[in-house]
Amino acid sequence: MTDPRRTVEAVWRIECARVVGGVARIVGDVGQAEEFAQDALVAALEQWPKTGVPDNPGAWLVTIAKRRAIDHIRRQQTYQRKLTEIGRDLSEEEEPVEIQEADSIEDDILRLMFVSCHPSLTMDSRVALTLKVIGGLRTDEIGRAFLVSETTIAQRITRAKRTLADARVPFEVPGKAERADRLAAVLEAIYLIFNEGYAATAGGDWMRPELCDEATRLGRILAGLMPTEPEVHGLVALMEIQASRANARTGANGEPIRLLDQDRSRWNQLLIRHGLAALAKGAEAAGEKRGPYLLQASIAACHGRARTAEETDWVRIAVHYRELIEIDPSPIVELNRAVAVAMAFGPQAGLDIVDTLADNPQLKDYHLLPSVRGDLLARLGRSTEASAEFTRAAGMTRNDRERALLEARAKNPTT
């Protein structure tokens, strides 16, 4: 028999953004909206095990949360003014199955995404708030995902809500003039969540697939809400194609498997096809002016199309990295370009690029710099130097699985 509590939690994970967004449109405050949404969740936990899950659980939750909001407005003795603003339809709702039209739901989720990633918030706060109010994750789940305490996450979320309330951030999609910057923040937050799932910063797991799944889900929602934005499709394509490798990225005991060593028959071809379709859609919308996510998706597509490692078009990948550097310069992108150049034109060509990055302050504690350099030195037959680089990289990473891999390579650089 299905556990009713698990059913409620599963429904909540799917519907939470709609519930919070619908209520936030009424009260104009994300923090308050989440409190009313949580009231609805508590009501569901109390009632559904007795009465069963409603036919339209999302509508039930939205209606209960709205009623809590209206009760609050009444208690604040400003109900009449608020009622005029939000329309009399809310006061007339009787049955939980009533719910706003789909267009309104989509608008509410879109507004919620932009509010959660408002530029007044730090990136850590954006990510935490996005996972909480849109992803429906509990604070302990978010803390566990990013290896910080539940208290720390709760404080971040509380500060974020207070910041939004103090700044009186309107619950709306920003105007065209500021939409590009705000959209960039939304995309960055989603991709940061995905990256943490794809290659965990620290801890005992190489990957956290649930974070990849959550980020991809948010990206798909955003693509559905903003179908004409090329970079949204680019991000979805990038995440889909990268996620397609998940089954091949770890061994039987959870150990990391490098890209060139992966069994590509284990790559998820359906995700690759979905990613390539999203890439085509984004490229069509963008024309000749492709942004960073479309370019990164194009790089991922080169890997996704290659049935074997030997078939990979490394020259095209190197070109894409050069294009990416022109619009979004970064030493990390340059380091990635060095890998592509090494694969296309030989390890010395790549090492020449890597050595120009040796003193870059942004890479001072970046373990992949000595890791890449060690790999190139090993390919050049300079095993002693390679071993030293792998040892240095192992001392810099905070991920246990990655440390073990680097330490093994330090002992035998040519593996």
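Every number here is computed from the coordinates shown, using simple stated rules; none is lab data. Predicted, not measured: the structure shown is a model, and the values here were computed from it. Note that each Cβ is placed from the backbone with ideal geometry, even for glycine, and that neighbours are counted across all protein chains shown.
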Send over the Kirkwood Rh of segment 9-51, from the inverse of the averaged 1/r over different Cα pairs, rounded to one decimal Å. 10.6
Quick one: 3J(HN,Hα) in Hz for segment 152-164, Karplus 6.51/-1.76/1.60 with θ = phi - 60°, rounded, Gly and Pro as x. 4, 5, 4, 5, 4, 5, 4, 4, 4, 4, 5, 4, 5
Choose one of ALA184, TYR321, PRO227: the residue whose Cα lies farthest towards the positive end of the charge dipole of the chain (beta-carbon charges +1 Lys, Arg; -1 Asp, Glu; about the Cα centre). TYR321
So if we plug the beta-carbon distance of ALA280 and ARG75 into 1/(1 + (r/R0)^6) with R0 = 45 Å, what FRET efficiency do we get, rounded to 0.05? 0.25
Rounded to the nearest 20 Debye, what is the dipole magnitude of the chain about its Cα centre when Lys and Arg each give +1 and Asp and Glu each give -1 at the C-beta? 560
In nanometres, what is the gap between the two model label sites at ARG322 and LEU45, each 7 Å from Cα along Cα-to-Cβ? 5.8
Most exposed to least, judged by fewest other Cβ atoms within 10 Å, ILE14, ILE153, ILE272, ILE190 sort to ILE14, ILE272, ILE153, ILE190
Just for the Cα atoms in the chain, what are the lengths along the principal axes, largest first, rounded to whole Å? 78, 48, 39
Would you order THR250, THR216 from fewest to most other beta-carbon atoms within 10 Å of each residue's own beta-carbon? THR250, THR216
In degrees, nearest 10, range 0 to 90: what is the angle between the Cα axis of helix 368-379 and the longest Cα principal axis of the chain? 30
If neighbour count is taken as other Cβ atoms inside 10 Å, put SER149, SER298 in order from fewest to most. SER149, SER298
Going by amide H atoms built from the backbone, whose H comes under 5 Å of the H on ALA202, apart from near neighbours? none
Acute angle (nearest 10 degrees) that the helix 230-243 long axis makes with the longest principal axis of the chain, alpha-carbon atoms: 60
With only Lys, Arg, Asp and Glu charged, each at its Cβ (+1 for the first two, -1 for the last two), find how big the charge dipole of segment 169-213 is about the Cα centre; round to the nearest 20 debye. 180
Let me make sure I get this right: for segment 151-220, a, b and c are the square roots of the gyration tensor eigenvalues over alpha carbons, sorted descending. Under 1.5 in a/c it's rounded, otherwise prolate if a/b > b/c, else oblate. Which is it? oblate
25 Å Cα-Cα reach of LYS161 towards lysines, excluding residues that sit fewer than 8 places from it in its own chain: LYS66, LYS82, LYS132, LYS176
Shape of segment 236-388, Cα gyration tensor, a/c cut at 1.5: oblate
On Cα atoms only, tilt of 4-27 relative to the major axis of the chain in degrees: 70
Under a GNM of the chain (C-alpha, springs under 10 Å), which listed residue has the highest mean-square fluctuation: VAL115, VAL169, VAL19? VAL169
Could you go through segment 334-346 in sequence order and give the Karplus-derived ³J(HN,Hα) for each residue, using 6.51 cos²θ - 1.76 cosθ + 1.60 with θ = phi - 60°, rounded to whole Hz, and x for Gly and Pro? 5, 5, 5, 5, 4, 5, 5, 4, 4, 5, 7, 10, x
Where the centre of each part is set by its Cα atoms, how far does segment 365-404 sit from segment 26-71, in angstrom? 52
Amide H to amide H under 5 Å from THR250: which residues, 5+ apart in sequence or cross-chain, H placed 1.01 Å off N in plane? ILE257
So what is the calculated 222 nm ellipticity per residue for the chain, using -39500 (n - 2.57) for each DSSP H run with n of 4 or more, over all residues, to the nearest 500 deg cm²/dmol? -22000 deg cm²/dmol
Exposed GluC sites (Glu not before Pro) absent: longest stretch of the chain, with sites in DSSP loops and at most 16 other Cβ within 10 Å deemed exposed: 289-415
Of the candidates ASN247, ASN268, ASN56, which one comes out as most mobile in a Gaussian network treatment of the chain with C-alpha springs shorter than 10 Å? ASN56
Taking the alpha-carbon centre of each part, the distance from segment 276-334 to segment 113-131 in Å is 27
Lys/Arg +1, Asp/Glu -1 at C-beta; the chain dipole; positive extreme among TYR198, LEU164, GLY52: TYR198
Can you tell me which of ALA306, ALA285, ALA340 moves the most in a GNM of the chain? Springs connect C-alpha atoms under 10 Å apart. ALA306
Hey, what do the phi angles of segment 48-54 turn into as Karplus ³J(HN,Hα) couplings, whole Hz, using 6.51/-1.76/1.60 and θ = phi - 60°, x for Gly and Pro? 4, x, 8, 9, x, 6, x
